[in-house]
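Here the structure is laid out as C-alpha cells; the discussion comes afterwards.
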Amino acid sequence: ETGVTQSPTHLIKTRGQQVTLRCSSQSGHNTVSWYQQALGQGPQFIFQYYREEENGRGNFPPRFSGLQFPNYSSELNVNALELDDSALYLCASSLASGVSNEQFFGPGTRLTVL
Amino acid sequence: KNQVEQSPQSLIILEGKNCTLQCNYTVSPFSNLRWYKQDTGRGPVSLTIMTFSENTKSNGRYTATLDADTKQSSLHITASQLSDSASYICVVKAQTGANNLFFGTGTRLTVIP
C-alpha cells in the first residue's frame, strides 16, 4: 500500500451528469497528479496540483477541473459526463522537492458512464 | 515528440519460466525511467528506477536494464509466479515541465500454472 487513498472505489453515472472524485495524498506530499486510464491503455495525464495551485495540465477539456486543499488532499470534478469518460481515474502524490520525485499511486476510482 | 513504446502488448508464460519486457522511448532530455507493476483495477506500484548512469538494477526477481544511448530498457522477470500476472508499465520522466512523465501502454503478463 502506498498511503494514497481514493474514494469512491466504483461509481456509475449517466451521460450529462457531474461527478466528484477524491484523493488523500501520502503524508508529507504536497503535489497531487490526476490521470485517466482507459481499459488496456496507459494512464493519461489530466492535471497536477502543487500547494493548491494547478501546476500543469494535459490535453483534457475544461469540464475536467480540480481542487487541492490546505491538507494537500484533492478533488477531480468532471461535468457533463460523456460515455468516453468511462475509465479508471488514478491520483498520485509526490514530494515536489524530492530528487527522484517518485509518484505514489492510489488504487483508483472506476467510473462507468451509461 | 516524446513517446514511450512497449512490447509485447501481451504475454502468456508458464509458471517458473523467465520473460523479458521491452521499452523504447524518445523522451528528451531524459531524467529517469521507472517500471511499474499494475494489478488489475489497482494503481501502479514502482518496481525500479533507472537514471542515466545506471545500466542494471535488480529488485528481487525483477531486473531492469537501461541503454541510454539507444533509449531502450528491459524488465526481466525470473522464475515467474502466478502473482506476477499484471500489467507492467514503463514510465519515462523528462527533465523539464510539469507534465514531464510519459507512460507506455503497458505489457499485460499472464502467468499460468
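Listed values, structure above:
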| item | result |
| --- | --- |
| Residue in the range B:51-61 that is within 11 Å of the chain's Cα centre (by Cα) and of a type in the set (Ser, Thr, Tyr) present | no |
| Pairs where the first residue, in the range B:69-82, is at positive phi and the second is outside any loop (DSSP other than H, G, I, E, B), C-beta under 6 Å, 6+ apart | B:LYS71/B:TYR25 |
| Matching residues, the range A:31-60, being in a loop (DSSP other than H, G, I, E, B) and more than 9 Å from chain B (Cβ to nearest Cβ) | A:ALA38, A:LEU39, A:ARG51, A:GLU52, A:ASN59, A:PHE60 |
| Selection from the range A:61-96 of residues that are surrounded by 17 or more Cβ atoms within 10 Å (Cβ to Cβ), among the hydrophobic types (A, V, I, L, M, F, W, C) and in a loop (DSSP other than H, G, I, E, B) | A:LEU81, A:LEU95 |
| Matching entry among B:LEU75, B:LEU82, B:LEU66 (being in contact with a strand residue (DSSP E or B) (Cβ under 6 Å, 6 or more places away or on another chain), modelled with pLDDT of 95 or more and loosely packed, with under 12 Cβ neighbours inside 10 Å) | B:LEU82 |
| Positions within the range A:24-40 being farther than 14 Å from A:PHE104 by Cα and surrounded by fewer than 16 Cβ atoms within 10 Å (Cβ to Cβ), in sequence order | A:ALA38, A:LEU39, A:GLY40 |
| Qualifying residues in the range B:91-113 (those that are modelled with pLDDT of 95 or more and more than 9 Å from chain A (Cβ to nearest Cβ)) - the one farthest from A:GLN41 (Cα to Cα) | B:PRO113 |
| Tally, over the range B:27-45, of residues that are under 15 Å from the mean Cα position of the chain (by Cα) and surrounded by fewer than 18 Cβ atoms within 10 Å (Cβ to Cβ) | 2 |
| In the range B:1-43, the residues that are assigned to a loop (DSSP other than H, G, I, E, B), in contact (Cβ under 8 Å) with a residue 12 or more places away in the chain and more than 16 Å from B:SER83 (Cβ to Cβ) | B:LYS1, B:ASN2, B:GLN3, B:PRO8, B:GLN9, B:THR26, B:VAL27, B:SER28, B:PRO29 |
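The values are calculated or read from the model by the stated rules, or taken from the named source; none is laboratory data. Here the structure is a predicted model, which is why all the values come from computation and not from measurement. Glycine also receives a Cβ, built like all others from the backbone with ideal geometry; neighbour counts cover every protein chain displayed.
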